[in-house]
Every structure is written in structure tokens, then in C-alpha cells.
1. Regarding the range B:97-159, what's the average projected area of the Cα-atom convex hull, expressed in nm²?
2. With +1 assigned to the C-beta of every Lys and Arg and -1 to the C-beta of every Asp and Glu, and no other charges, what is the dipole magnitude of the protein assembly as shown about the Cα centre in debye, to the nearest 20?
3. In the range B:119-145, what residues drop by 30 Å² or more in accessible surface going from the chain by itself to the full protein assembly, probe 1.4 Å?
4. How much solvent-accessible surface does A:T94 expose, in Å² to the nearest 10, with a 1.4 Å probe and all protein chains in place?
5. Rounded to a whole number of µm²/s, how large is the Stokes-Einstein D of the range A:12-95 at 37 °C and 0.692 mPa s, given Rh as the Kirkwood radius over C-alpha pairs?
6. About its Cα centre, how strong a charge dipole does the range B:49-101 have in debye, to the nearest 20, once Lys and Arg get +1 and Asp and Glu get -1 at the Cβ?
7. Expressed as a rounded percentage, what relative contact order does chain A have, with Cα pairs under 8 Å and six or more residues apart?
8. Counting only heavy atoms of protein chains, what accessible area per residue, in Å², does the range A:76-140 have with a probe of 1.4 Å?
Amino acid sequence: MPSAKLWLALQDLWAGTRAIHVWPMLGWLEVKQRYRRSTIGPFWLTLSTAAMVAGMGPLYSKLFGQPVSGYFTYLAVSLVLWTFVSALVNEACTTFINAEGYIKQVRLPLTVHVLRVVWKNLIILGHNAVIVVVALFFFGPGLDWHVVLVPLGVLLIAVNGVWLGILLGLVCARFRDIPQIVASLMQVAMFLTPVFWPAEMLGRNRWAAEVNPLFHFLEIVRRPLLGQSPDALSWAAALAVTAGGYLVTLAFFQRYRARIAYWV
Amino acid sequence: MARIRAHGLVVEFPIYGASGRSLKNAVMRAATGGLLAKDASERIVVRALNGVSFELREGDRVGLVGHNGSGKTTLLRVLAGAYEPVAGTIEIEGRVASMLSISLGMDPEATGHENIFLRAAIMGMRPHEIAPLIEEIREFSELGDYIHMPLRTYSSGMAMRLAFAISTCVTADIILMDEWLSVGDAGFAKKAQERLARVLDRAKIMVLASHNEELIRDNCNRVIRLDHGEIIAVEDLGAQAAALRPMMPVPAAAT
């Protein structure tokens, strides 16, 4: 009965999302755990990103022929967002593998483990946001009302992190080579996606950025922070990927949800 | 109302990277372990449970016995809801408390206090259910002010006492145990056994997997014997308890 399986998959998603006494705590403890005995804690990651921005900013603005102050803000926003997006993709692969102990012993909705990962990365993004605030303060540009789109964009990325965590988590639990493949692809994607260089530099070849869904997810948050008006194409693409992602994920999740406990 | 009804449970573990048929034949009927078989897509699978059916009602204290690999733990995990059977159905009425691994999810860097909430969440308790029990847990586990220290600073005895105290503060209709829980030095062990007995008294159904026949005779009123993932006998203890004894000698002294 395929409809019964779909129902169970949806129930897992719903019950997992509602378990707000579980995944926020697990995600938060993971952040705390990683940095428990260091003084500045998760801000170490912030510092390393900041060092990258400060180091690369002057050099790459020359390389790409961009005005320094504008490029600084661009690079800061891009790197912080990329760190978030790539962590979501990479950690999606190990979502269920890392939760093996829980999955084999207790009945928890699988979605709990996915939300834990997404929540943890949202907390880290919150720390890294300091860099963006500093860059905006010193290098501008001033912000207009479009900035209300920033939290919406971040939320949409996080919502995509959920289906990605289920889909990649499931596939990677079965095929253990996939995490390595994904990690390599994300490495390449960092250079192919306009992170260090603005898409405008492509000129007539801008399509090379626009066929890349990662570009659109960066853009929906990045443009309002850079004082640019939102791009309807990017929002449309991001929403389309969201819808498509959930459809594909549900197809896999309903089929293989019960198998995950045997795979991890 | 508590009830467990299992019908034709089959649980198979796929073995990935097992090298084909020759291995399969060699270990086809090993002395221990589940049946090795192949599923529809020619993968090698271990059939840990093979058509297991039973019904448990209120008042049942069930002992699961069998060799290593006979399917006891797998069956407990199915009852806990972790594994969904490949075939067959399982109906469970009532709240299940799994004491299969009582320190699962505890975080060495988190404080004892934080770990109470963590364990509670994993056991399916809400913060408002566990909060009123914290003082009692602290007292029972004899941790004192250590409750506010990270778990990694605890001795292993302290950590076990805390895990035990949290796991036994649940009220559940159905309690699952893999081997009898026992913790601590002589003084604490006695206290712990009394507490465990109270929890079990409140529960309507208990399922205990153990190698210790004596323990099972003392605490259970039914025995399910598993071998190679199948039920080979169901016995009602009580009057015939003595008759059961010669069938299987007590393997080791009670711990």
C-alpha cells in the first residue's frame, strides 16, 4: 500500500518537526560540545572566516578589478553564506550515519536527526553573521527595506537543508562512498559558484551562474545585504528547487524510511 | 490497557560487501547466529527473526532466552520501535520504555543536569514531565552538587548511577530490558534493585532478555525460547517452574 507508506513518511516529518524539546537541544549541545573547553567557543570558526575575508579581500579585489570596499562586503557575505550552505550539504550525508546509536535503539522520528543538523548550522551561521555586520558597518552599503528578505532567504535555505538531510542522509547510509563524492563536488562548486567573484563578471555568459541552483540560494540572501533589489529569477529558482526537492525526497523517504535502521 | 501482538515477524539484515555464495554455504547453518539467506535481489541477508508470532497481555512478565544471536536483542529492538519488520505485523498498545541501553545519548561534556533533560528527551519524556523529578534523581544517584558538573568529571560509578536513576524514573506500560539492570557497589545495588522492582511493579508488561535462567524464573511468569530467529517454545512458569530446570542448566551465577 503505497499511500500508507507515504502517510508514515509524512507522519515522521510532522512528529519530528514537532519534537521541539529534542532537536533544538541536541543541536545546541553539539555546538557547545565541540567548543566546550575553549574560551571563545564557536567564534573560532567566525575568526577563521574573518581571517579569510581580511586576507583575501585586498588581493582578490585587485585580481578581479573590483573596488576594495564593495568587494570586502561581497566577500564577507558570500563566504559566510557559503560556509552555511556547504556545511548543510556535507553534513546532510552523515545525518543518519552519525545518529546510528539512536536509530538502532530508540524510536525517534528520523526527521529529528535531520533538524538537529540544520539547527546546529543555523546556530553557527548566527555566530558568523558577526562578520557580515562588521563588514556592513565599515564598508557599507547602507541597507534599505529589502533587508527583510534576509531572514526569509535564510529560512528557505534551512528548509532545503531538511529535504537534503533526509535524501542524502538516506542514500549515504546505504552507499558509504557518496559522502566523499559530495565533499569533492562541493569543493569544486565553491569555485564554480559566484562566491569569490561576482556573477556580473561573466557578462554575456551569466547563464553559467544561473544554471547553478547554489547561486540562486546565495543570491536570495546576498542581494538584499548588498543593497541590491531582489532578483525574481533567483527566488523562483529557489522555490522550484524546494518543491522539487521535497517531491523527490518524499518518494525516496516513503520507500526506504523503514530500511534506514538496517543500513546505518 | 497494554498489549503486544506480533504476527509472523521477519527481520532481515542485509550484509553488504559479503563475498557471494561460497561464504553463504559455509555459514548457512552456523551454531549461533541467525539464518543466512538470500532475498529477492540476490543479496545475502541475515534473517534475525523468522516468522515470530506471540501475544502478550497485561500481567505478563516475559523472559526471552536463547543463544547469542538467536534474535533476543533484535526482538527487543522491534518492540522498542527501532526496527520495522520486513514482513509480519506488530501491534503495541501502551507506552513503551526501553531500558536497552540506559546511557544512550548522554553527553560527557554536558552537566548532569543537562544530561537528565537529554536522556528524558530521548526516552520520549517532555521537559515538564522530567523537571519535577530532578531533585529525586539527584538524591537517588547520590550526586549532590556534582549534578552541575560535566559528566566527564564523574567516576564511571557516578555516571552509571545517574543513567540508572534517569531511566528508572519513567512510568510506562511496557518495559523492555536486555539483561537485568544492576549498578553500583553493594549498598547502592540494593537500593537500585528496590527502585527497579517498584518501576517493574507499576508496569503492565515486562520483557526481559537474559541468559540467566534463575533470574528469569524469579522475575518472569512466561518464557519465550528463541533459536535461529524462531520461537521454539513458550512456557508458562509457576507450577511447572521446577520441571523446566533440567532442560537448560543455569549458565552462570547471578550478577
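1. 4.1
2. 720
3. Residues meeting the cut-off: B:A121, B:I122, B:R126.
4. Only protein atoms counted, so the area is about 40 Å².
5. Answer, rounded: 212 µm²/s.
6. Dipole size: approximately 240 debye.
7. The normalised contact order for chain A reaches 27 percent.
8. Result: 33 Å² of accessible area for each residue.
The values are calculated or read from the model by the stated rules, or taken from the named source; none is laboratory data. What you see is a predicted model; the values in this text were computed from it and never measured. For neighbour counting, all protein chains shown are included, and Cβ atoms are generated from backbone atoms with ideal geometry for every residue, glycine included. Remember, those area values only see protein heavy atoms, side chains included, never the ligands or the DNA or RNA. Shrake-Rupley method; radii C 1.70, N 1.55, O 1.52, S 1.80 Å.
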